[in-house]
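Read through the structure below, which is laid out as structure tokens, and then see the notes.
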Amino acid sequence: MTAKSNDTDLKDLLKDVGCGKLQLPEFQRSWVWDDTRICKLLESLLSSFPMGAVLNLEHGGEDIHFKYRLFTGVNKQYETVVPNGLILDGQQRLTTLYQALCCQSPVQTCLPTNRDSKIERYYYINMRDIVADDSDVLDCILSIPADKKLKENIGRDIKLDLSTRALEIENCYFPVNLIYDPMETNLWQMEYMKYYSDSTMQQMYFTFMLRFLNPLQNYKLPVIQLSKDTKKEAVCQIFENVNTGGVPLTVFELVTAIYASEGHDLRKDWEDIKADFKQLKVNLLKNLEPHYFLMAMSLLVSYQKGVTVTCKKRDILKMEYLDYKQNRDILVQGFKDAANFIVHLGIYSTRNIPYETQLIPLASIFAYDNSHDKLLNLPNSKGLLAQWYWCGVFGELYGGANETRFANDMANIFRWFSGGAQPDTVVRASFNATRLLSLYTRNSAAYKGVMALITMDKPLDFMTGQDMNIASYLDESTDIHHIYPESQCITAKYPINRWNTVINKTPIYASSNRSIGGRLPSQYTRVMANKGLSDEKIAEILHSHKINPELLCSDDFFAYTKNRATQLLDRIEKAMGKAVDGRDSEEIIKEFGSNI
């Protein structure tokens, strides 16, 4: 890769934009600037302030075959033009300036307070005001509707009319879309001089021309030129580095551009995949990021080929379209199987998924198994897979960037199914008993994991005794609530790490939670009895939530929470297939009075 920088006339850059010599790689997002931001860019231009460099990638390299498109506002007749360069940084500025300075049609923009409010605007410079020594340049830029009339009194009265050239000249407003059109600028000037014969007004125009028009016509932008031998992964990294002010570029946009050169519309394909996911009875994949799908594809393809298993960005960019095409349907089914698998682990909604990233290797595992050994049809393998999943959750190993972990797990889990060594996630996972005291909200994967284990074990509804299955869980607006009511805990000044953590929380139907209200457990269990539940059934319900009925019903907060912490740790140990650390640590003994 070679890079060189040179200053280029803005008018030449915009000319190349307008004829298709400069275009955008397909992964660039649409132009989005609002009216206020356009005015501020014009202010910088009129003030001769620097606007930052433009980054241009020479088109035509052997390694890069990005699909390209014209800038917004460029005539469609240039769609067949093969560009000389693709703009990686500077799209928003160049698009804004091309539309405002070079197009005779109005700029299609929006209000700064409402991006959905589409408006059309022309831009003018107030010559009288801008030549004044104390002028504020921004105040001298006029944004006017497409009919070139400013109105007031709810549109009844015309405050300023610039709908003809004669009216522009009469009011001394110069249209910015003439700046790079020498012939039209000269005609405008001739008509102005004819209209204003007195020397004062003519001198004002010459001052305006010398101080603003001439510098604008000679304005230069630094252009950094990347050679066409630049690698795809370098383009991705460069784009991310320069795009700090916008939405970060994902590998999905780059792969979309690469596959488009082979005639495949990856964005449309992803929409079809999401529509397929919607057919699931419980759609846990509705928020799945598209680049997660590509990471899973890279794991699957590399594992199938027997090469180093990987899903790093550079490897995804090297993934051939043919490999994607051959494995697309297999992986879609793999994700659906992965989603169904974690439903059976007690996870019924997207907000309760501990780590969405863990679906990446999980889907690849199912996809490979479906098309090869089908080991996951064996009960023992499903049990091992569940153990791996819970180790990832309670070991809290799947947060952040984990491409290496994804690859290691994918590479080793099938050996484990066949009697080999445990995968790294199972080996490294550990859970400390003190962690229960800090699991306050769903921000933690382990918090979601505890609630999923409770749900997985088929708890019963507090007020009806019915099974909390998937259908009722969703229909009854189930959420996580306090067992020993919050208001009572606050009044009694109980330690917050006992009453506001998972130790004192469980999934409860919305209607049941309203029946519990702020009552003490001894009171709301009487409400349960009044609804026709026997003492035995009430005890069964509480046991199903890992609650000791005697301790809770006697309002013995400390004994109840100690017992529940013990039951939760026992359940976590069972899920992970390994002992929980710190059950007899100093911190635990200090908090609970003994080991738990």
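The values are calculated or read from the model by the stated rules, or taken from the named source; none is laboratory data. For clarity, every value in this text was computed on a predicted model and none was experimentally measured. Quick reminder, even Gly has a Cβ in these numbers, built from the backbone with ideal geometry, and neighbours come from all protein chains shown. SASA here: full protein model, heavy atoms, side chains in, ligands and nucleic acids out. Shrake-Rupley method; radii C 1.70, N 1.55, O 1.52, S 1.80 Å.
Once you reduce the range 183-212 and the range 485-508 to the center of their Cα atoms, the two points are 78 Å from each other. Please state the shape class of the range 402-529: rounded when a/c is under 1.5, otherwise prolate if a/b exceeds b/c and oblate if not, all from the C-alpha gyration tensor. Prolate, since a/c reaches 1.5 and a/b exceeds b/c. From the mean inverse distance of alpha carbon pairs (Kirkwood) and the Cα radius of gyration, derive Rg over Rh for the range 51-93. Result: Rg/Rh = 0.98. Once you have a ≥ b ≥ c as the square roots of the Cα gyration tensor eigenvalues for the range 487-596, tell me rounded if a/c is under 1.5, and otherwise prolate or oblate according to whether a/b is larger than b/c. It comes out prolate by the Cα gyration axes.
Residues of the range 392-530: accessible area per residue at 1.4 Å, in Å²? Display every interim value, and only then the final one.
Values: 5440 Å² over 139 residues.
Per-residue accessible area for the range 392-530 comes out at 39 Å².
Which of rounded, prolate or oblate describes the range 335-417 when judged by the alpha-carbon gyration tensor and an a/c cut-off of 1.5? Judged from the Cα gyration tensor, the range 335-417 comes out oblate (a/c at least 1.5, b/c at or above a/b). Overall shape of the range 327-480 was characterised from the C-alpha gyration tensor. The equivalent ellipsoid obtained from it has semi-axes of 27, 19, 14 Å, in decreasing order.
For the range 3-128, the fraction of alpha-carbon pairs lying more than 22 Å apart is 38 percent, rounded to a whole number.
Dividing the summed -39500 (n - 2.57) terms of all DSSP H runs of n ≥ 4 by the residue count of the chain sets its mean residue ellipticity at 222 nm at -14000 deg cm²/dmol.
Across the chain, the volume of the C-alpha convex hull divided among the residues equals 226 Å³ per residue. Surface composition of the range 25-77: carbon plus sulfur atoms contribute 48% of the solvent-accessible area (1.4 Å probe, protein chains only, all chains present).
Amide H contacts for HIS481 (H built 1.01 Å from N in the peptide plane; partners 5 or more residues away or on another chain; cut-off under 5 Å): THR506, ILE508. Where the alpha-carbon atoms of the range 464-523 are placed on the principal axes, they occupy 38, 22, 15 Å, in descending order. Relative to the Cα centre, the charge distribution of the chain, modelled as +1 at Lys and Arg Cβ and -1 at Asp and Glu Cβ, gives a dipole magnitude of about 1060 debye.
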